[in-house]
């Protein structure tokens, strides 16, 4: 009987990976109706090697099977001594005329021509950065042809059959002979193009993990046209207004389309000097290098090496062309390489080792439009809790509760704002999840410590890793075994990894029971210690063995029993993992590991951290902090993670290069729809200098997520450690706190409209070519331009200033009127206590008076800084709610401030029912009626207006058209008329105003308007 049960289990394990599963961890698994079962599928791929009757020698004496297949050749051992075991495939002749984007390395760093030729390889030096000099010959592919076309839904859906031309080329496996093309005109600015094999079930990301958007009614003209060539099949996408092709797959010298068992390839033509952004996660400059970029997508535990794949997987890019933007998202979670190489034309080449080609193309036309269109389908970013915008302090090495208390005390005694104190793995008992070290972090004392933090309006966040230690008597492990929630190896046993506590098993997020298990563990562990948020780390997932670790009891090694038809652990095409084609299971789980419903690690590896974020979010919002916004920071991300969590950029280094690299790193995640992001201030690894930490605290004060964090055994780098850093930190954290309302409003607009918080300059000035390569300056919203110091011993910053009026943030006065339509470079003074900040004319900044905590700051009054543009116009917004509710319903206020014709007007979004109620109540006192939603007790008590023309004479201030005695010059305002000859403007400061933010009003400072007395 046991034999049959075991046999049945093995059959289930083998069959399930090939079925589509509709995944919901709160519901039963079910096979979707429209997918046929495996017995109805036909294998219509071609094995070229089996039909190659003439076997021309491809190798050399002593060549192995692996070396032969790396050469794109066939391996057939034979007893006939005349037969070549390694021979060329049938079809087109092999050639050395191969674009650098697709060359496969035949040698090693430093190989010379003679040795390369002796290995029967090609030698052709190239100027392409990262391009191989010595490489294998390759057989060009003939692609596919269109044989049937079907149009539906008023020509908004195109379905075509594609057939393989000839016998294919078998680059890395068997070519699919039949494909389907699906083209959907989903919206006026979004096009969906999908290519798949209708006869083979390949993994596709489940809708529960990354949403699948539906088509929408289209009333406006399409922004694009889609065209295709029949033979060989290629397609293009053009802008409808200009005819410019933004996507073109007919690329000279490149294969048009390759679709094989474990390898797909397609290329896009690019302009000669392309401006490409995105594709992550990577530590590098913002613009992907047009001289040669080879980017790999495969989540990886690596301490931020430059230009290699690291923690996250983001298959999305944006391109700027002629002042307009478009974006491309490949909805695919498998490993892949993306190459950008120069040439005639330049090109972007995709090589993907699984799944299907499922592209979403976004037409913009502005960069902000592209990100809004992208986040609309993957999920709009969350609004963080208001307190999360405060300053966070952490380190690995706060090794007992006394140390934590001392750090909090030092911040207080030095009068430096501190919102949240964090614990790394120090708090755990032997690094085990869901434990408190009974000696160094006693649970009852931690309970009182956190309670005291909360009484002081401060917070506490701790780390959790996914790995659960294998240990008898350890409840999370024992309970997980009973519930069967851990990932399996290919033999059905719990797969074993190794991280901080030693040998571990890993929760299987695809298991329905894991949601309950994870929630139970967090709830039981945190029921006394009321943590405020969770930091999820090591979730690539990281494991320090090459694949599965050896542990006799768990793994029961009996040799490779994987009967998958795919080569999982050694796929035919080796993506450039780690910049040197490391095995896929390097520092992670074996890729033949099996998740619930039969999903394979090979296919879902890049989703692991993303799904952990999803489940942790639901646990916190539904069970732990019911109705309140969860606070989660995750290391590994995928498309859509920003809906559930923020991100930090990982284990960076205490040097000036990583200070700079934090800027493109954070800007990239704005593109990826994860705006709540930060880098470890002052660096995680290495020893930071006083000057570097000072400059980093300046810059970090404007990170969307602000945290100082460093590594074990590194010197302390809290901002109170040096007098100079202490002084600067106090100043800049307070500046940050004065801008909390501005930041919070930007996060609301990101959540509601898909806008970004940080912005590259080209987001605001897309037509200026100078802005396209700038990544040492950035904008916060549309109103602030920051030009930080990024080098040692520097007190002058050469900064690019776009056209328009610009004002000094610190002095609240005019700085520049840039009339050059291309912008200008200027030198900005940057002594140690200054990070140059300019306010852009045309913007209104809502500000508050800062305190030591965000809660105290939120209770203070507001003031406005108004920077008029050359047309005497300005606009700004302010979002207000309770700062913590997951669903604020109608209890929020969204205010718009506009200055026009010497009048400041405040308007709020008003719910229709509330508006009708307001009309019935009549016109009440300005300070008593709340027509805007959220009741704001704080007042607007000061307004600074910069840029008023000097020739304007101001003698009266009018509120809602009425003269108000209390608002006149002798009591409430100061007019600052600067003597600077280059400045033809002046500044008006109104104070002691006590204006309500609960209803609309207007304030006028032009005496020429009709007045009522």
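Computed from the coordinates by the stated procedures, all read-outs in this text should not be read as laboratory data. Quick caveat, the model's predicted, so the values are computed rather than measured. No Cβ is skipped: glycine too gets one built from the backbone with ideal geometry, and neighbour counts run over all protein chains shown.
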Any idea how far apart residue 791 and residue 822 come out in nm if each label point goes 7 Å out from Cα toward Cβ? 2.3 nm
Quick calc: nm separation of the 7 Å Cα→Cβ label points for residue 366 and residue 887 -> 3.3 nm
Förster-model FRET efficiency, 41 Å R0, residue 808 and residue 212, C-beta, rounded to 0.05: 0.25
Whole-percent tail of the Cα-Cα distance distribution for the stretch 311-440, cut at 27 Å, equals 52 percent
Shape call, the stretch 168-378: gyration tensor on alpha carbons, a/c limit 1.5: rounded
In whole angstrom, how far apart do the alpha carbon centroids of the stretch 713-754 and the stretch 762-810 sit? 19 Å
Tell me the relative contact order for the stretch 427-551 as a rounded percent, counting alpha carbon contacts under 8 Å between residues six or more apart. 32 percent
Of all DSSP beta bridges having both residues in the stretch 748-1004, the percent classed as antiparallel (nearest 5) is 90 percent
To the nearest 10 degrees, how steeply does helix 512-526 sit against the main Cα axis of the chain, on a 0 to 90 scale? 40 degrees
Using per-residue counts of other Cβ atoms within 10 Å, averaged over each peptide, order 455-465, 436-446 from highest down. 455-465, 436-446
So if we plug the beta-carbon distance of residue 550 and residue 482 into 1/(1 + (r/R0)^6) with R0 = 25 Å, what FRET efficiency do we get, rounded to 0.05? 0.50
Taking Cα centroids, how far is the stretch 70-103 from the stretch 375-427 in Å? 58 Å
If you take the beta carbon distance between residue 975 and residue 405 as r and set R0 to 56 Å, what does 1/(1 + (r/R0)^6) give as a FRET efficiency, to the nearest 0.05? 0.65
Alpha carbon Rg of the stretch 701-814, scaled by the compact-globule rule 2.2 N^0.38 Å: 1.23
Pop a pseudo-label 7 angstrom from the Cα along the beta-carbon direction at both residue 962 and residue 108 and give the gap in nm to one decimal. 8.7 nm
At 0.36 nm per residue, and after removing the present C-alpha to C-alpha distance, how many nm does the segment from residue 157 to residue 724 gain when stretched out fully? 197.8 nm
So for 1004, 641, fewest C-beta neighbours within 10 Å to most, what's the order? 1004, 641
Would you mind checking the tilt of helix 656-671 against the longest principal axis of the Cα atoms of the chain, expressed as 0 to 90 degrees and rounded to 10? 90 degrees
Can you put 387, 500 in order of Cβ neighbours within 10 angstrom, beginning with the fewest? 500, 387
Stretch residue 272-residue 623 to full length: gain in nm at 0.36 nm per residue minus the Cα-Cα span? 121.0 nm
Angle, helix 690-700 long axis vs. longest principal axis of the chain, Cα atoms, 0 to 90°, nearest 10? 90 degrees
With 0.36 nm assigned to each residue of separation and the Cα-Cα distance removed, residue 456 to residue 148 gains 103.9 nm
Where Rh is the Kirkwood radius over the Cα pairs of the chain, the temperature 25 °C and the viscosity 0.890 mPa s, what D in µm²/s does Stokes-Einstein return? 80 µm²/s
Taking alpha-carbon centroids only, the stretch 596-666 lies from the stretch 477-500 a number of Å equal to 22 Å
Percentage relative contact order, the chain, counting C-alpha pairs under 8 Å, at least six apart: 8 percent
Using the number of other C-beta atoms within 10 angstrom as an exposure proxy, rank 123, 509, 1005 with the fewest first. 123, 1005, 509
